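The values are calculated or read from the model by the stated rules, or taken from the named source; none is laboratory data. Just so we're clear, the structure is a prediction, and the values are computed from it rather than from any experiment. Backbone-built Cβ (ideal geometry, glycine too); neighbour counts: all protein chains shown. Areas reflect the complete protein model, heavy atoms only, side chains present, ligands, DNA and RNA absent. Shrake-Rupley method; radii C 1.70, N 1.55, O 1.52, S 1.80 Å.
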Amino acid sequence: MSFESLGLSKALLKAISKKGYTTPSPIQQKAIPPVLEGHDVLASAQTGTGKTAGFTLPLLHTLSENPKQKFRPIRALILTPTRELAAQVYANVREYSEFLNLRSAVIFGGVNQKPQTATIRQGVDVLVATPGRLLDLQSQGLLSLKRIEIFVLDEADRMLDMGFLRDIQKVIDSMPEKRQNLMFSATFSKDIKKLAHGILNHPVQVEATPENTTVEAISQKVYRVAKGLKTGLIIKLISEGNWHQVLVFTRTKHGANRLSEKMVKSGITAAAIHGNKSQGARTKALAGFKSGKVRVLVATDIAARGLDIPLLPHVINFELPNVSEDYVHRIGRTGRAGAKGEALSLVSADETSFLRGIEKLIDMKLPIEIIEGFEPDPNASTAPIKQGQGRQRRNSSQGGHSHSKNNSNRNNNRGNKSRRPRRGNDHRN
Ligand code: AMP
């Protein structure tokens, strides 16, 4: 199948060929036709499958085919959970619309709102936004969603996980009822299905990879190791393997900082990315990693969500996530575009129950290896790592929230017992 055969306009085909894409990815093949036909779509797709082009290309096609309105209202809204994802989606929208007469903008929190509102005032057709800043500007009367024709909810599962349910509802309430809705999610919990039911109208369902399974091109392995020997082992693996682009996951922000510092001390260029870092520091770390200046990027789950790093060869779980779905998200960073990736997990005794949960979710046993000198501690307890007391307070900077009003919304959401299990550690993100 070719992009031409999907019926996309010449201007879009030109932009696609400029990007160097030759064949539509499976999710693009499945999602583009129903979106072009005007259907609501519910798509199961992880980052790395080409999902962004899967909704952006037909969205741009539709907008450019339909007549523009006089005052250039916002006609399409793409809602993303994190700033990084918003920035990446926007970059894609810009690239794909290069030869179209459509304007786009991105808004997220943590940065001055003035340049964002100035752009919106000039009129934009496509707006990419995180929920907090969107509602913030809306409540100040600085933007209107009353003329939205197409609404995209990207990474819906992460939206719920970050407590954005109420915010999503508010956004939906401020849009016209008659519109096309596209919803993308990597996992499909009961809550996601419920949300989809509330938003989508007779959706066409498309799937890139089977639900809750890991990408086949990824080779996965577990290193059983004593907790105190993990840092030494990861440094050995990266140094001896001579790996140059490694994404490492830790469970906590402090853990990410500590590990990154230890790597730097041992001569491996590394940077940490998490919710306590300023937007500038996060962008710089990511740029350094992408350009190859930084060998190792140490990230927490939420910070890493949406990172667009093509052909990432190595992902290492320095610690396993206690929410099994996060494992699938994490290793989805590798094995992209047909390239083989490697996902390694360093597992100590207290993570045994997390490992079991992951194996159950992905329905396979992960191969185990023990490296001489880095053996597991036979006397260590297999009692799970203690989760923090009470419910965790999410860092407000994550989803672009800059308004205290919105924080209280999220706190309210936390009372919703039907949501996915929360992680309970104050130092996460
Ligand atoms: P996404 O899943 O949208 O984050 O896309 C993952 C990566 O695949 C991005 O770097 C895209 O630029 C790239 N990509 C998207 N569609 C294609 C395609 N049809 N062929 C090759 N690469 C693509």
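State, to one decimal in nm, how far the label point of residue 4 lies from the label point of residue 353, with both points 7 Å from Cα in the Cβ direction.
5.9
Calculate the FRET efficiency for residue 239 and residue 70 from the Cβ-Cβ distance with a Förster distance of 51 Å, rounded to the nearest 0.05.
0.25
So how do 278-285, 370-377, 86-93, 251-258 stack up, highest first, on mean other-Cβ count within 10 Å?
The packing order, highest mean first, is 86-93, 251-258, 278-285, 370-377.
With a 1.4 Å probe and all protein chains left in place, how much of the accessible area of region 4-207 comes from carbon and sulfur atoms, in whole percent?
It is 51 percent, rounded to a whole number.
Return the sequence-ordered ³J(HN,Hα) values of region 33-41 in whole Hz as given by the Karplus equation 6.51 cos²θ - 1.76 cosθ + 1.60 applied to θ = phi - 60°, using x for Gly and Pro.
For region 33-41, the Karplus curve yields x, x, 5, 4, 6, x, 6, 6, 9 Hz.
Take every Cα pair under 8 Å in region 218-369 that's 6+ residues apart, average their separations, divide by the length, and report that relative contact order as a whole percent.
Relative contact order, region 218-369: 34 percent.
Check which residues have an amide H placed less than 5 Å from residue 223's amide H, if you skip close sequence neighbours.
The answer is 345, 346, 347, 369.
Please compute the net charge surrounding residue 182, taking Lys and Arg as +1 and Asp and Glu as -1 over other residues with Cβ under 13 Å from its Cβ.
-2
Could you let me know the centre-to-centre spacing of region 31-77 and region 168-194, using Cα atoms, in angstrom?
Each part's Cα centre sits 15 Å from the other's.
Within the set 262/290; 194/253; 230/262, which residue pairs have Cα atoms separated by over 23 Å?
The answer is 194/253.
Distance in nm between label sites at residue 264 and residue 193, each 7 Å beyond Cα in the beta-carbon direction?
4.7
Take residue 22 and residue 98, extend 7 Å from each Cα along the Cα→Cβ direction, and tell me the distance between the two endpoints in nm.
1.9
Straight-line reach only, C-alpha to C-alpha below 17 angstrom: list the lysines that residue 18 could link to, leaving out same-chain residues fewer than 8 apart.
10
Could you derive backbone 3J(HN,Hα) for region 227-238 from the dihedral phi with the Karplus parameters 6.51, -1.76 and 1.60 (θ = phi - 60°), listing whole Hz in sequence and x where the residue is Gly or Pro?
Each residue of region 227-238 in turn: 3, x, 9, 4, 4, x, 5, 5, 5, 4, 4, 5 Hz.
How many Å² of accessible area per residue for region 169-293, probe 1.4 Å?
Ligands and nucleic acids excluded, the result is 48 Å² per residue.
Quick one: which residues, 5+ away or cross-chain, put their amide H under 5 Å from the amide H of residue 207? H built at 1.01 Å from N.
44
With θ set to phi - 60°, apply the Karplus curve 6.51 cos²θ - 1.76 cosθ + 1.60 along region 160-165 and write out the HN-Hα couplings as whole Hz, x wherever there is a Gly or Pro.
Result, ordered by residue: 5, 4, 8, x, 8, 3 Hz.
Under a 5 Å amide H to amide H cut-off, with H placed in plane at 1.01 Å, what residues pair with residue 41 once short-range neighbours are removed?
181, 182, 183, 204
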